[in-house]
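Shown next, in structure tokens, is the structure this report addresses.
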Amino acid sequence: MMLSETDLLKGKVLIVDDQPAHVHLLERLLGDAGYLNVSSTTDPEQVRALHREHHYDLILLDLQMPVLDGFGVLDALRADDPDGVLPVIALTAQPGHRLRALQAGARDFINKPFDMVEVRIRIRHMLEVRLLHEKLKDHNLALERAVQERTAALQESEARFRNLTELAADWYWEQDAEGTVTRASGPVLEMLGRGNPGPGSEAGADAGSTWDAVGRQAMQTKMDARLPFLDFIVNRLRTDGSRQQFRVSGEPMIDRFCRFTGYRGVGTEVLQG
């Protein structure tokens, strides 16, 4: 996933420092670097409300300020988003504050007095990481919505398929990944060699009939290989000596994670001329 220079320069930056001279210095540096959305405040008590409203991509936060210091600001920001990542670079002249700032939720720090090269590099790096993270999050949300929409469409399509096949075929069956028939109508279980039919099938109908072993085995071989098959012909010799012929089609079922979940198929009796 790529981040363009335009995306980077459009990142929203807030400068928080009670010293107007430091604010002006950072504003000029960011303006000269081409950043387009730079705001500032000398009142740390405004930061929480400003971030709620604007959702900054980067906050440059001085740690030593009267009334509410930078650590208090970090606590307030973290209270709004306890599980999130605070987009904060701490500004400090106190070496002992660096570790404490990182522990409080800041992602990086810049030493005072400012080294302009270091400031530009750290700001750019932090914005790149933050904007890529947000872009990835948006992409994942869009992908999740697309998957949900696709899943709903597939479920609707499958429901239509079942309705149509049940109307167009004499019988229908489904089986799970282990081969257990979960839904059956018509002479499915006997034809598949699963024994006596269950609920919904032809219970006890012509129990002594003989099925064409070759045709049935050929169909089973396809199913064992998880391959679709179309219009297989399977014959049955009934106890009264008459012969029935069936046309059978089936396909493997695959879920949205590309996992095999079973088989489904339809069949219809071929009328003898």
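A few notes on this one:
- Any hit, region 223-238, residues being among the aliphatic types (A, V, I, L, M), assigned to a loop (DSSP other than H, G, I, E, B) and at pLDDT below 85: no
- In region 48-60, the residues that are under 21 Å from LYS10 (Cβ atoms) and over 31 Å from the mean Cα position of the chain (by Cα): LEU50, LEU60
- Top-ranked residue in region 1-30 [being without any contact (Cβ under 8 Å) to a residue 24 or more places away in the chain and out of contact with any strand residue (DSSP E or B) (no Cβ under 7 Å at 6 or more places or on another chain); ranked as surrounded by the most Cβ atoms within 10 Å (Cβ to Cβ)]: HIS24
- Check on VAL67, among the β-branched types (Val, Ile, Thr) and on the phi < 0 side of the Ramachandran plot: no
- Checklist (1) surrounded by 20 or more Cβ atoms within 10 Å (Cβ to Cβ); (2) farther than 19 Å from ARG124 by Cα applied to ASP75, failing item: (1)
- ARG256 satisfies every condition listed in (1) without any contact (Cβ under 8 Å) to a residue 40 or more places away in the chain; (2) not in a strand (DSSP E or B) except (1).
- Test: residue in region 77-98 that is among the basic types (Lys, Arg) and within 25 Å of HIS139 (Cβ to Cβ): no
The values are calculated or read from the model by the stated rules, or taken from the named source; none is laboratory data. Note that the structure is predicted; figures quoted are calculated from it, not measured. Virtual Cβ from ideal backbone geometry, glycine too; neighbours counted across all protein chains shown.
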